[in-house]
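Every number here is computed from the coordinates shown, using simple stated rules; none is lab data. Everything quoted here is computed from the prediction, not taken from an experiment. Ideal geometry is used to build each Cβ from the backbone, glycine not excepted, and the neighbour counts take in all protein chains shown.
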């Protein structure tokens, strides 16, 4: 493995970013293949999955703790992603896969990680019986477990949009909200609906261990909105070309730090190093906001006209800086705009400066999509499905990953608040378009792949 060399000035800059600008390793995520855990008995498959996770990830948390102490860089989360369970459990003679989710949750608790992703299905071109059972199991699985996260890929540039799956996911989101009514619909915060899902994403709730991945791999997610914000604030008179260069240089330094930690962790755990995902992932903490970066470019509030252009510049510069720093940049890499997890987004939504439609426009140029958006609890399943379809269309046409993680908050209306706590934060309920789209959603079938798919 080639060694990473750092000069004293770079080390001092990194120390400053950590101490004053909230720079951290957001997650070290171990991807584990469960393909060798398949068994006709769901109980046997779940037991094999539990045993393999505990055996493979037994030192993950301790390794993260040791690296945090040695390098003085906070490592916020230790997480696990596994093979999409619809593939692992397909051969099981069972009506649902809730037992598998329970064993994943138990394994996550045993090794000490806070989330385990991969209760997932890939249905962009159609569903197998195992996919259907997995999707039907999602509401109960997420409502009865603490650490399990789920995702479903319903579209891709190559395949088009599976509108039957889209319609079903609208229903599933409502079921998830209903089963966790007493927690503000919390199960929805652990469910992501994707277009063009990536196989090496270390961030939750959408992480899963792709079928092209090795038996085990270590991926790192780095986050530094505060460091980028400080860099932008130090250049108030810079034009956009200069501003992009400033962000690229900052992203370069952050990515180098992330790769160092990732490689050291992989060495000590004895597993291959996968990728470093440089995603500006905000938290509700002061100084850790992507919205504040956009506002520091000259916007009174995120959501104002110009927000999409500012986000496009930021996302592109982050990707370029990361790519210059490492040959193994992957995952989603860019900027996240989760409403409830970003204090600037929360304030903009509360001030009605940031609308649902503007959020959708901004997802055309961000890393993912509509993320942690609280909407009225009485939003129909058809409307949820149409929101998913719109977001999938953006991803399909633009050949990028898009996603939907929305929470129809039970019993709440526009202007009321929901509290999730921790990194999930809080958010005001914002309005969605109330006009009916059920006839459109009920057409079913598959929206064909665009001409861009014919690129062989």
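Taking the Cα centre of each part, how many Å lie between region 200-240 and region 145-192? Between the Cα centre of region 200-240 and that of region 145-192, the gap is 23 Å.
Compactness of the chain is given as radius of gyration and Dmax, 20.9, 65 Å, from Cα positions. Pairs of alpha carbons in region 282-348 separated by more than 16 Å make up 49% of all such pairs. Counted residue by residue at 0.36 nm each, then reduced by the alpha carbon distance between them, the extension gain from residue 351 to residue 452 reaches 32.5 nm. Using C-alpha pairs under 8 Å with a sequence gap of at least 6, the mean separation divided by the residue count of region 62-186 gives a relative contact order of 24 percent. Take each peptide in 342-352, 386-396, count the other Cβ atoms within 10 Å of every residue, and average; sorted highest first, the result is 386-396, 342-352.
Our summary gives region 185-228 a relative contact order of 29 percent, counting only alpha carbon pairs under 8 angstrom and 6 or more residues apart.
With both residues required to sit in the chain, DSSP beta bridges show an antiparallel share near 35%. Summary of the geometry: region 307-384 and region 79-94, compared by the centres of their Cα atoms, lie 29 Å apart. Radius of gyration (Cα atoms) of region 345-422, expressed as a multiple of 2.2 N^0.38 Å: 1.12.
Working note: 222 nm ellipticity from helices only, DSSP H runs with n ≥ 4, each -39,500 (n - 2.57), summed and divided by the residues of the chain, gives -13500 deg cm²/dmol to the nearest 500. Tell me the relative contact order for the chain as a rounded percent, counting alpha carbon contacts under 8 Å between residues six or more apart. Computed value for the chain: 17 percent relative contact order.
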